[in-house]
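What follows is a single structure, and I will ask about it in a moment.
The values are calculated or read from the model by the stated rules, or taken from the named source; none is laboratory data. Here the structure is a predicted model, which means the values were calculated and not measured. Quick reminder, even Gly has a Cβ in these numbers, built from the backbone with ideal geometry, and neighbours come from all protein chains shown. Calculation scope for accessible area: heavy atoms of the full protein, side chains included, ligands and nucleic acids excluded. Shrake-Rupley method; radii C 1.70, N 1.55, O 1.52, S 1.80 Å.
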Protein chains: 2
Amino acid sequence: MATLTGVQKQYILHWGEMGTRWGINRTVAQIHALLYLSPRALPAEEIAKTLSVARSNVSTSIRELETWGIVRAVHVLGDRREHYESMKDVWEMFRLVIEQRKRREIDPTRELLRRCLAELDPKEPGADFTRERLAAMAGFFEAVTELHDQMKRLPTGTVRKLLRMGTKVRKAKT
Amino acid sequence: MATLTGVQKQYILHWGEMGTRWGINRTVAQIHALLYLSPRALPAEEIAKTLSVARSNVSTSIRELETWGIVRAVHVLGDRREHYESMKDVWEMFRLVIEQRKRREIDPTRELLRRCLAELDPKEPGADFTRERLAAMAGFFEAVTELHDQMKRLPTGTVRKLLRMGTKVRKAKT
DNA sequence: CTGTATGTTCTGTTTGAACTGAAAGCACAG
DNA sequence: CTGTGCTTTCAGTTCAAACAGAACATACAG
């Protein structure tokens, strides 16, 4: 088992901290950071030891990373254990995470707003006002969804190109 | 004190739940939801009663919403109490929140990645690999920052227009 | 100046998510 | 079939964040 270098430790700890701020389990984030920095796939046992967490905790966390599709199990010849490796394409990873969070959080919110607008009794006090507010919020979520759909259509790498273009155009103007 | 209608309750509870999933305090989110739906500014006392939370909790939460700039205190003639009201423009609210979260989370991460790349000892084992990974991640965060800067430049409403254009263009093509 | 209404800070308590270790489940070698 | 190595599930336990209530601070009316 390779011990962590100073830089690796820093990155892993910071990534865990970032995770918690965005509603992602600290251990899950740390494991991802470790695998992301690892040049080879790691067995669960080694992850547990390296991060000093329980083997069972690793199991659960890995499964979460797998459902997101940013970590997968690979096999090593002559070793029965599963080895885990992280996806390498940073953009693709974030795209996957964003897509799933949209499904789990944005979509249900959209759904709720629609239901609220449908259920809203015009006779209840302040109904017009409530409707207007709900509609504004619903409009926002519709637009975000639209934005997300358009992003999805862009092949990986295009965003980077767009950004470079944007930068050049802006510089030229000033 | 106005009691909440069914629809209002649903919205407030859901918003609180969403908050927790994105690392935002449940009460903070609920208070924001309440103020967003309220046709008039509300005094802290009334917020506490309506949501059944401690007065002190409201005080703290309101202050957080104020630092984000999406809630402000207003005064009502003949009333010594502060009344709080939420910003109405949904896009502007999210823009503010995103801007601040970027400052608090994205920027420090960028900083860390830079520091890691600078500190990385070329002699340590696997330094090349680590450098490559860190650089990829750093590139991502630079691009996100760039994207954010460009968005900031767009006046409110433009995003909506862009989205409508995008939709039209895509429909025309298919 | 005193008393009352309002807002803030502090401290101890509560709560739920995260975590551990043990038990159970599985797959395969022999 | 049986034992071994690995993984997952389960039942408590731990811990940090959120919260309540009290104490404190402030501002103002009278």
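I'd like to know if segment A:82-90 contains one or more residues that are away from every other protein chain (no Cβ under 12 Å), at pLDDT 90 or above and out of contact with any Lys or Arg (no Cβ under 9 Å at 6 or more places or on another chain).
yes
Could you list, in sequence order, all residues of segment A:63-102 that are within 14 Å of the chain's Cα centre (by Cα), hydrophobic (A, V, I, L, M, F, W, C) and within 16 Å of DNA strand C (Cβ to nearest atom)?
A:Leu65, A:Trp68, A:Val71, A:Val97
Now, a different point. Search segment A:31-44 for residues that are in the same structural domain as A:Gly16 (by TED's automatic domain parsing) and pair each with any residue that is part of a loop (DSSP other than H, G, I, E, B) when their beta-carbon atoms are under 6 Å apart and the residues are at least 6 apart or on different chains.
A:Pro39/B:Gly126; A:Pro43/A:Arg81
Of all the residues that make up segment A:12-41, how many are in a loop (DSSP other than H, G, I, E, B) and not polar (S, T, N, Q)? First the steps, then the outcome.
Step one: of segment A:12-41, the residues in a loop (DSSP other than H, G, I, E, B) are A:22-25, A:38-41.
Among the residues that remain, those that are also not polar (S, T, N, Q) are: A:22-24, A:39-41.
Total meeting the criteria: 6.
Just one of B:Thr60, B:Thr5, B:Thr20 is open to solvent by less than 60 Å² (accessible area, probe 1.4 Å) and either within 15 Å of the chain's Cα centre (by Cα) or within 13 Å of DNA strand D (Cβ to nearest atom) (or both); which is it?
B:Thr20
I'd like to verify a number: residues in segment A:23-47 that are under 23 Å from B:Asn25 (Cα atoms), facing chain B (nearest Cβ under 9 Å) and either crowded, with 16+ Cβ neighbours inside 10 Å or at pLDDT 95 or above (or both), how many?
The total comes to 1.
Sticking with this structure for a sec: Which residue is most open to solvent (accessible area, probe 1.4 Å), if the candidates are limited to segment A:66-121 and must be over 27 Å from A:Met137 (Cβ atoms) and of a type in the set (S, T, N, Q)?
The residue in question is A:Thr67.
All but one of (1) of a type in the set (D, E, K, R); (2) within 14 Å of chain A (Cβ to nearest Cβ); (3) not in a helix (DSSP H, G or I) hold for B:Lys9; which doesn't?
Here B:Lys9 meets the rest and fails (3).
What about B:Ala29, is it within 12 Å of DNA strand D (Cβ to nearest atom) and more than 21 Å from the chain's Cα centre (by Cα)?
Judged against the criteria, B:Ala29 is not a match.
Would you check which residues across segment B:48-57 are surrounded by fewer than 16 Cβ atoms within 10 Å (Cβ to Cβ) and either near DNA strand C (Cβ under 9 Å from one of its atoms) or within 22 Å of the chain's Cα centre (by Cα) (or both) and list them? Steps first, please.
To start, the set of residues in segment B:48-57 that are surrounded by fewer than 16 Cβ atoms within 10 Å (Cβ to Cβ) comprises B:49, B:52, B:54-56.
Within segment B:48-57, B:Ala54, B:Arg55, B:Ser56 meet the criteria.
Any idea which of (1) part of a helix (DSSP H, G or I); (2) at pLDDT below 95; (3) facing chain A (nearest Cβ under 7 Å) is the one B:Leu112 doesn't satisfy?
(2)
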